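The values are calculated or read from the model by the stated rules, or taken from the named source; none is laboratory data. Keep in mind that this is a model prediction, so the values were computed, not measured. Cβ atoms come from the backbone with ideal geometry, glycine included; neighbour counts cover every protein chain shown.
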Ligand code: ADP
């Protein structure tokens, strides 16, 4: 027997119209220079809907953005899926090869590009002949525009358009909740980038999952600042989440300077912000210089948040960095960290250890770990290490225009490539990425754990540990370390500092001091770049 509840589709159109009806006066502030209301932003999205029609962008076509986090980007974020087109957010730091590959693979019909970023993409234009229109978004820069009929101005298009006045939501039939709404490519550290094609349904459920109280728990009273770019796995769901909750949004614009970000957080009284650990590290010197007392929740993910970093924030602001594990394929948030009531009696040190874990799965997300060799599921005992697999309604079931992929198991779970433990309370603890684990003399060394102990030295700003090929041990750990300005710590002193905390054979063979560490396009430390430099020396 089936239930008798109303069959209503889950759509981004609903998120748009809910914000319009309930939270019209709430603010979207960009870079401290522009302040609009949700009503303004959605009015522009309604005009953009008809602009896309007049540009003859078909339903289902991919509409790309190559842009920083701004209110115009948010308008595109809303109008494209609400009109049943597919929003393809492109990473602005991709190499020309990858950029051309994914624009071509996605068959992008139109690209919306920040004026200041046009020079980065324009050299590829001849190889991207399928793109019919390049729509330039004003971003405060005055870069000259090439004289080319394919270039259009965003503000001019919006000013000249009539708004769509109907209900977007009413245009969706029940089955339409499974229509594609967004497309994001994984960074392709192995093989070409792969497209993850989100649906309206998966996006709405992910949004609700992250909104759940006790997890990120966004509320109407929040002022949310996605520092994480819109193109990095949907800014972790923060933009749609803020709209659904009715929270105000603060968008950083094109600058990622620590002083700019912290000034914005102070001036806008930001309560919730999300960023990769690299950004949180860069903001540490700013914490003393600004009044960030409005902050109530800081989200860190994309790579492991070193406990020492989280504790620095807890000491300075009273708010740790809450760990979150995710992947582009998981929309991206699958797991949120933090303590539970049972940890109230725990010692301070034990609580630090709980917060260091990646955390517990969101509702509707299932996790399991399997033996890498046999594929058999491992016990949830907090110690058996295996490959993490994940399933859920906002987890990818395939890649865009890829027939079969061994990332998926026969029973439909996603293989993450991460090595992890699960415990009896469902806490996930990531040991390493399979490809980053160091194999020394037949034993495994977790680069993540080693990095965490090295980062606990007060003079260490950042650290990455990789395995260097070794004729005797197969691989030996080497630590690349960025020290605080003026620090005179030596390699020997660092090794002495960590000696009581790790097994002797975990001690790195070499500590290399660097001014900065290489980054991936999403701002994470790039271990593959370090490995390449080791190989070429
Ligand atoms: P990419 O693999 O291209 O960097 P993603 O941004 O989707 O793309 O990264 C997903 C991976 O990032 C995960 O599989 C995991 O290895 C790592 N990761 C994400 N969140 C965390 C976290 N909280 N702790 C440790 N690693 C993380």
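Here is how the numbers come out for the structure above:
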{"read-out": "The range 498-537, residues that are in contact (Cβ under 8 Å) with a residue 24 or more places away in the chain and farther than 24 Å from residue 443 by Cα", "value": "513, 514, 515, 516, 517, 519, 520, 521, 522, 523, 524, 525"}
{"read-out": "Flag if residue 235 is within 19 Å of residue 11 (Cα to Cα), out of contact with any helix residue (DSSP H, G or I) (no Cβ under 6 Å at 6 or more places or on another chain) and modelled with pLDDT of 95 or more", "value": "yes"}
{"read-out": "Conditions (1) buried (at least 19 other Cβ atoms within 10 Å of the Cβ); (2) under 30 Å from residue 281 (Cα atoms): number failed by residue 198", "value": "(2)"}
{"read-out": "Test: residue in the range 85-95 that is out of contact with any helix residue (DSSP H, G or I) (no Cβ under 8 Å at 6 or more places or on another chain) and either part of a helix (DSSP H, G or I) or modelled with pLDDT of 95 or more (or both)", "value": "no"}
{"read-out": "Residue in the range 256-270 that is surrounded by fewer than 24 Cβ atoms within 10 Å (Cβ to Cβ), modelled with pLDDT under 95, outside the structural domain of residue 82 (by TED's automatic domain parsing) and over 20 Å from residue 41 (Cβ atoms) present", "value": "yes"}
{"read-out": "Selected residue (criterion: farthest from residue 413 (Cα to Cα)) from residues of the range 291-324 that are within 12 Å of the ligand (Cβ to nearest atom) and assigned to a strand (DSSP E or B)", "value": "321"}
{"read-out": "Wholly within the range 416-479, strands (runs of 3 or more DSSP E) carrying at least 2 residues that are away from the ligand (no atom under 13 Å from the Cβ) and at pLDDT 90 or above", "value": "460-470"}
{"read-out": "Filtered residues of the range 341-367 (kept if closer than 30 Å to residue 501 by Cβ, within 16 Å of the ligand (Cβ to nearest atom) and either without any contact (Cβ under 8 Å) to a residue 24 or more places away in the chain or part of a loop (DSSP other than H, G, I, E, B) (or both))", "value": "357, 358"}
{"read-out": "Residue list for the range 164-180, filter: under 32 Å from the mean Cα position of the chain (by Cα) and either assigned to a loop (DSSP other than H, G, I, E, B) or free of Cβ contacts under 8 Å to residues at least 12 places away in the same chain (or both)", "value": "164, 167, 168, 170, 172, 173, 179"}
{"read-out": "Selection from the range 480-528 of residues that are in contact with a strand residue (DSSP E or B) (Cβ under 6 Å, 6 or more places away or on another chain), within 16 Å of the ligand (Cβ to nearest atom), within 16 Å of residue 455 (Cβ to Cβ) and not in a helix (DSSP H, G or I)", "value": "517, 525"}
{"read-out": "Out of 61, 21, 45, sole residue that is on the phi < 0 side of the Ramachandran plot and touching a strand residue (DSSP E or B) at 6+ places or on another chain (Cβ under 8 Å)", "value": "61"}
{"read-out": "Output for the range 32-56, where each listed residue is modelled with pLDDT of 95 or more, in contact with a helix residue (DSSP H, G or I) (Cβ under 9 Å, 6 or more places away or on another chain) and part of a loop (DSSP other than H, G, I, E, B)", "value": "55"}
{"read-out": "Condition broken by residue 327, with the remaining ones in (1) under 17 Å from residue 272 (Cα atoms); (2) within 16 Å of the ligand (Cβ to nearest atom) satisfied", "value": "(1)"}
{"read-out": "Filtered residue count, the range 188-208, keeping only those that are in contact with a helix residue (DSSP H, G or I) (Cβ under 8 Å, 6 or more places away or on another chain) and touching a residue at least 24 places away in the same chain (Cβ under 8 Å)", "value": "14"}
{"read-out": "Verdict on residue 56 being surrounded by fewer than 23 Cβ atoms within 10 Å (Cβ to Cβ) and touching a residue at least 40 places away in the same chain (Cβ under 8 Å)", "value": "no"}
{"read-out": "Checking residue 93 against (1) buried (at least 24 other Cβ atoms within 10 Å of the Cβ); (2) within 20 Å of the chain's Cα centre (by Cα), the condition it does not meet", "value": "(1)"}
{"read-out": "Residue match in the range 368-376 (condition: in contact with a strand residue (DSSP E or B) (Cβ under 9 Å, 6 or more places away or on another chain), touching a residue at least 12 places away in the same chain (Cβ under 8 Å) and under 21 Å from residue 209 (Cα atoms))", "value": "yes"}
{"read-out": "Those residues of the range 477-497 which are closer than 21 Å to residue 446 by Cβ and within 31 Å of the chain's Cα centre (by Cα), in sequence order", "value": "477, 478, 479, 480, 481, 482"}
{"read-out": "Residue check, residue 283 under 24 Å from residue 307 (Cα atoms) and not in a helix (DSSP H, G or I)", "value": "no"}
